[in-house]
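The values are calculated or read from the model by the stated rules, or taken from the named source; none is laboratory data. The structure presented is a predicted model; accordingly, all values stated were derived computationally and were not measured. Virtual Cβ from ideal backbone geometry, glycine too; neighbours counted across all protein chains shown.
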Amino acid sequence: MSAEAVDKVICAGTLPFNRTEVQFYKTPKMSISGTFAQLQDTLRTRAIRGVLLGFSREEKPNTIFDCTDFCVAALSGYFPAVVADRANFHGFFNVQLALDQMHRHGYRRPTLIAPALNNRISNNLWSGAFLDWQRRLSKRDRCEPFIPRENVDAAEFRDWLYRNDPDSLLVYKFPARRLLQRRGVRVPEDIGLAYLYRTSDEMGSAAGIDGNLDIVGSAARQNL
């Protein structure tokens, strides 16, 4: 494939690329038969052959991208049925790096909170990294990770917190701080809080891991 053929890229989501170089298309959230076929027809009509897949919350049949006639690369574990070169952050290493830092700061019962969907997209590397890491702890200091399904209620979080009694939380995309405040639990006085791949809203509010998403995004585009 010539370099000229890859000068336009379709992204199923937003990435930290130079927007003057990339065309963005957001895949519809509604489950409408033929949506992807229509999208692919549009790409062919516009002579767009470079496709970068990422950030899809749905893995139903109509979200499987047909790679025929396209040069495809992917981000992370999204679109798992597509065989393509992928750019990813090192989830296993990053979880253990964060836990190491928390332990170094004196926390003895850290645990992981990550939504089931995101943990599954990581190929369960996040929960696997946590379980592997805590083998070095004494049994009395080990906690269960909290891997909530979508729409989990506050009572389930409260029960988990009561059963495990962690002294610190490594959190990804879960409103832990707000739920702790409702229970009168203070951060960091009563419990430590750190974020795995902080969002822009979380920057400055707590420590966390920088996933270097700009580098990951650039590597994905370079794959094309």
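Observations, loosely collected:
- Restricting the range 89-103 to residues that are over 16 Å from the mean Cα position of the chain (by Cα) and hydrophobic (A, V, I, L, M, F, W, C) leaves a set whose member that is farthest from L169 (Cα to Cα) is L97.
- Pairs, first small (G, A, S) in the range 129-142, second part of a helix (DSSP H, G or I) and surrounded by fewer than 14 Cβ atoms within 10 Å (Cβ to Cβ), C-beta under 8 Å, six or more apart: A129/F93
- Residue match in the range 189-197 (condition: free of Cβ contacts under 8 Å to residues at least 12 places away in the same chain and in a helix (DSSP H, G or I)): no
- Exactly one residue out of E4, E21 is exposed (fewer than 12 other Cβ atoms within 10 Å of the Cβ), part of a helix (DSSP H, G or I) and at pLDDT below 55, and it is E4.
- Scanning the range 198-219 for residues that are closer than 15 Å to M102 by Cβ, within 16 Å of the chain's Cα centre (by Cα) and either among the hydroxyl-bearing types (S, T, Y) or modelled with pLDDT of 75 or more (or both) yields G208, I209.
- Condition met for G192 (farther than 16 Å from H90 by Cα, touching a Phe, Trp or Tyr at 6+ places or on another chain (Cβ under 8 Å) and crowded, with 19+ Cβ neighbours inside 10 Å): yes
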